[in-house]
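Encoded as structure tokens, the structure appears first; notes follow it.
The values are calculated or read from the model by the stated rules, or taken from the named source; none is laboratory data. Since the model is a prediction, treat every value here as computed from it, not as a measurement. A quick note on method: Cβ atoms are made from the backbone with ideal geometry, for glycine too, and the neighbour counts reach across all protein chains shown. Accessible surface areas use protein heavy atoms only, side chains included; no ligands, DNA or RNA. Shrake-Rupley method; radii C 1.70, N 1.55, O 1.52, S 1.80 Å.
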Amino acid sequence: MHPAADARSTADARPRPEETRIERAFGRAFRRVTGRVIAPYQSAVVRIGFAATWLLFLVREWPNRQELYGPNGPWSGDMARRLLADNQAFSVLTWSDGRGWFELVYALAIVSSALLLVGWRTRTMSVLFMVGVLSLQNRSIFIGDGGDNVIHLMAIYLVLTRCGQVWSLDARRAAKRTQEGALGLPERDITGVVLWAVLGLSLAVAQVMGLSGLSWFGAGPFPGVGWGLALWVLWCAHGVWWAVRRYAPGEPRVVLDMLGKLAHNGAMLVIVVEVCLIYATAGWYKIQGSRWQDGTAVYYPMHLDYFSPWPELSRVLADNGLMIMLITYGTVIVQVAFPFTLFNRRLKNVLLVVMICEHLSIAFLLGLPFFSLAMITADAVFLPTVFLVWLGARVSAVRDRVLPRRTRDGESGVAAPAGAP
């Protein structure tokens, strides 16, 4: 044997040093963030909640849409374009001041919200949902009650999540596709291909026409990444994922699947941190206010006509000094303390119930239903998975009793594939 080959064989035969504790920890962490989707039920609740909130808001404001976001509003298109040029925000409504274009964008915002709500083509609908939210809110930034800021942020984060893995039409279609694959039937997705091609063609036309907000390396969702580049990356990523899943089911699919899980888990972590920051900053700012310090801050909104849908009830509650003081101090304590209770499951769940009740009271007493619904949806990211699975089972049981399914042989059946709505 050649001496060099003998040396190599001897080196290979030597026992390799064991992994250190740090290496094992990094390995477990890597497998955890890339091996499975974290919080699939929580992401589904976030998808359903924010899509429903935005959909209900758009439907309620349908009679007022022209004055709020359209060309008939006091905030003209030229004023909006000048403001967007300064703050570098994105809105497709600045592409034209025509009423037809506005009606089309508003209608597409409603449709994308409804389809995202039921989980149909969630990857595509999440992008269209984001475009609709950004376009309408950035067109008239002075309209909102605080909940619009939460929807604005979550619409961007949802694009990176796999929020359709459970409680969606996509989950039902995936289960059906798995059954057909087991039977050897070919996989077809004509609807997805057509939808992908139409959206790509629309984006290309807008890019060629040089419409505002579609720069490659200007202002965008990330520093140095324009909205044009971001939308093209998302469009190409959808196409590559479809092609790999269909024609390269081996290692390329595993790698892309790991990247998708990593993006989802990272986005869910950002959502958790964002909600904690919202409560922490709100609580600490309240501490600095004199009215919050003396326990009277809640008293004043209840005497404003705009925030009194039930004047008599507001007056009765406002006249109770002890109740006002308890609500004022309780609000500050809960908001400041909540981020520090995340590692104590029982205490976290108790404060979570308290915050949800607080937002329900804001919706009822102060007449801010969409703000409250947005915040309750944001709180839902902390709900225990066991509770969400139990809730989903109860909803499915009620649905199956009201609308029994039909099997292929015509007999009634209540069994549903896992993750189906």
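Annotations for the structure displayed:
- For region 44-143, the per residue solvent-accessible surface stands at 41 Å², with DNA, RNA and ligands left out and a 1.4 Å probe.
- Angle in degrees between helix 122-139 and the longest Cα principal axis of the chain, rounded to the nearest 10: 30 degrees
- Carbon and sulfur %, accessible surface of the chain computed with the full protein complex present, 1.4 Å: 67 percent
- The chain - percent relative contact order, Cα under 8 Å, separation 6 or more: 20 percent
- Subtracting the Cα-Cα distance of residue 247 and residue 361 from 0.36 nm times their residue separation leaves 35.7 nm of extension gain.
- The residues neighbouring residue 267, those whose beta-carbon lies less than 14 Å from its own, together hold a net charge of +3 under the Lys/Arg +1, Asp/Glu -1 convention.
- Degrees between helix 40-60 axis and first principal axis of the chain (Cα, 0 to 90, nearest 10): 40 degrees
- Crossing angle, helix 147-158 versus the chain [Cα axis fit, 0-90 degrees, rounded to tens]: 0 degrees
- For region 171-322, accessible area per residue (1.4 Å probe, heavy atoms of protein chains only), Å²: 62 Å²
- Counting only residues at least eight positions apart within a chain, or on another chain, the lysines with an alpha carbon under 27 Å from that of residue 261 are 176, 348.
- About the Cα centre, charge dipole magnitude for the chain (Lys/Arg +1, Asp/Glu -1 at Cβ), debye: 1380 debye
- Helix-only mean residue ellipticity at 222 nm for the chain, each DSSP H run of n ≥ 4 adding -39500 (n - 2.57), per residue, nearest 500: -22000 deg cm²/dmol
- Label separation (residue 320 vs residue 204): 6.5 nm, computed from points 7 Å beyond Cα along the C-beta direction.
- Across region 145-256, the mean sequence separation of Cα contacts (distance under 8 Å, 6 or more residues apart), normalised by length, yields a relative contact order of 12 percent.
- Sum of side-chain charges, residue 87 neighbourhood, beta-carbon under 14 Å (Lys, Arg +1; Asp, Glu -1): +2
- Exposed loop positions in the chain were taken to be trypsin sites (Lys or Arg not before Pro) whose DSSP state is not H, G, I, E or B and which have at most 12 other beta-carbon atoms within 10 angstrom. Between these positions, the longest stretch is 189-407.
- Computed label-point distance, nm, for sites residue 195 and residue 394 using a 7 Å Cα→Cβ extension: 3.2 nm
- Using a Gaussian network model of the chain in which every pair of alpha carbons under 10 angstrom is joined by a spring, one finds that among 169, 58, 326 the greatest mean-square fluctuation is at 326.
- Counting charges near residue 55 (Lys, Arg +1; Asp, Glu -1) among other residues having Cβ under 13 Å from its Cβ returns a value of +1.
- Region 46-197: relative contact order in percent, alpha carbon pairs under 8 Å with at least 6 residues between: 26 percent
- Exposed-site-free run, longest, the chain (rule: chymotrypsin sites (Phe, Trp or Tyr not before Pro); DSSP loop; at most 12 other C-beta within 10 Å): 1-141
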